[in-house]
Amino acid sequence: MEPYSKIPIPLSQRWKEVRIRLLPALVFLITGLIVFNLWNHRISSANMTGKVIGAHAELRSSEGGYLTQLKIQRFQRVKAGDVIAEVVHIDPKVLEANLALILAEVEMIRMGMGTMDSKQRNMLNQEELQMDLMNQRIELATSGIHQQRAEREYNRVKKLFDADMITEVEYDLAKSERDAINMEIEQKTLMLETMEERFKHLSLNDSDDELTSGSSVAAAIKLEEERLKLIEAEMKPIPLVAPIDGMVNQIYRTGGEQIIDGEIILTIQSPKPDYIVGYLPHPMRMEPEIGMPVIVRSRSNDRQEYDGKVLDVGVQVGDMVEVTNMVSQVIQTGLPIKITLGEDTNLRPGEIVDLTLRPL
């Protein structure tokens, strides 16, 4: 009796068995590997959340006044020590009044000198020239006040002209006034330098300084000269310099505006991160210590990792507002921890990062 021959199984049936039995298992295995890989590279085993901190500075003026020479723009980069603006802290009208008062008092001193013999007149030539010098300095200081006013007006008119809000005639008039004041200051400065050279030459050739230095006229001139130096110092605007390297973030005041002392004019942010403030959620599963290693992982697409270290540990548990999205009424609390950050990082200040604290 012949044995039965095996009935051949069609390929379609074999493929059906593969699809039903082997293919689901293979898909499950591949999916598990992908999930495991994503878990390791995308989903961190972070036990903290932190925020990258960079330098942030506010530019303020120590005294109130008029803001001038502010030509900075938002997103412009500056360096520490750059002069960003100036503040004229004394009302120009008050300065002009004080200069006029000194000028009148100098003229009174000149008139009170009276008639003198030739010897006394020769001795007082130096004092007369000194008063002429003071007159020239007063005129130069007054012109400097007019120059500041003309410069402010020119900057205001230029902005309006650039915005097509005034005519070219008005712009040319403001520019001509500014240029005329500048030329006047140049001429008076040259004349003052010439008079100072003459005064130095006369002082060297003066053989009797005791009479001149001890006279009442010399004392009066000395007093007025010190007052003039005080006004000249008050005339100089206060320079406002950038405290840090960085980029201008916000501008709150423009040139020509009146500001008060301590008012914020603009803010500067540094592009370089300094450290990270991490928050260990409460209740804490481990006690942080200074020197513990920390793995810093960014939340960008590449999930770059950096090595860090605990620099300091806070003493109080506080709200984690700056590192959490407050979408619910639940307030999360955590212990703040300061973490060092390497120099070669692509992290930006203000960025939220995931942190993994490792025991020592």
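The values are calculated or read from the model by the stated rules, or taken from the named source; none is laboratory data. Note that this is a predicted model, so its numbers are computed, not measured. Virtual Cβ from ideal backbone geometry, glycine too; neighbours counted across all protein chains shown. Just so you know, the surface numbers come from the protein's heavy atoms only, side chains and all, with ligands and any DNA or RNA stripped out. Shrake-Rupley method; radii C 1.70, N 1.55, O 1.52, S 1.80 Å.
Examine the stretch 270-278 for a residue that is open to solvent by 30 Å² or more (accessible area, probe 1.4 Å) and farther than 23 Å from E343 by Cα, and state whether such a residue exists.
There is no residue in the stretch 270-278 that is open to solvent by 30 Å² or more (accessible area, probe 1.4 Å) and farther than 23 Å from E343 by Cα.
The rows are residues; the columns are (1) in contact (Cβ under 8 Å) with a residue 40 or more places away in the chain; (2) hydroxyl-bearing (S, T, Y).
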| residue | (1), (2) |
| --- | --- |
| G278 | yes, no |
| H282 | yes, no |
| D302 | no, no |
| D307 | no, no |
| T324 | yes, yes |
| L347 | yes, no |
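Which residues, counting only those in the stretch 251-266, are open to solvent by 80 Å² or more (accessible area, probe 1.4 Å) and touching a residue at least 24 places away in the same chain (Cβ under 8 Å)?
Listed by number, the residues that qualify are Q258, I260, D261.
So, of the residues in the stretch 323-341 that are surrounded by 11 or more Cβ atoms within 10 Å (Cβ to Cβ) and at pLDDT below 80, which turns out to be nearest to the chain's Cα centre (by Cα)?
V323
Go through the stretch 293-305 and give me each residue that's closer than 14 Å to I276 by Cα and in a loop (DSSP other than H, G, I, E, B).
S298
If we keep just the residues of the stretch 148-173 that are farther than 19 Å from K229 by Cα and among the polar types (S, T, N, Q), which is modelled with the highest pLDDT?
Here the answer is T167.
So, in the stretch 159-187, exactly how many residues are surrounded by 15 or more Cβ atoms within 10 Å (Cβ to Cβ) and in contact with a Lys or Arg (Cβ under 9 Å, 6 or more places away or on another chain)?
Qualifying residue count for the region: 4.
Quick one: which of E226, E210 is modelled with pLDDT of 65 or more, part of a helix (DSSP H, G or I) and among the charged types (D, E, K, R)?
E226
Any residue at all in the stretch 287-299 that is loosely packed, with under 15 Cβ neighbours inside 10 Å, closer than 19 Å to P359 by Cβ and touching an Asp or Glu at 6+ places or on another chain (Cβ under 8 Å)?
Within the stretch 287-299, one or more residues are loosely packed, with under 15 Cβ neighbours inside 10 Å, closer than 19 Å to P359 by Cβ and touching an Asp or Glu at 6+ places or on another chain (Cβ under 8 Å).
R303 fails exactly one of the following numbered conditions: (1) more than 25 Å from the chain's Cα centre (by Cα); (2) on the phi < 0 side of the Ramachandran plot. What is the number of that condition?
(2)
Which condition from (1) of a type in the set (D, E); (2) within 30 Å of L355 (Cβ to Cβ); (3) out of contact with any strand residue (DSSP E or B) (no Cβ under 6 Å at 6 or more places or on another chain) is the one that D312 breaks?
Condition not satisfied by D312: (3).
Scan P283, P273, P288 and give me the residue that is over 13 Å from the mean Cα position of the chain (by Cα), assigned to a strand (DSSP E or B) and either at negative phi or not small (G, A, S) (or both).
Going through P283, P273, P288 in turn, the sole match is P273.
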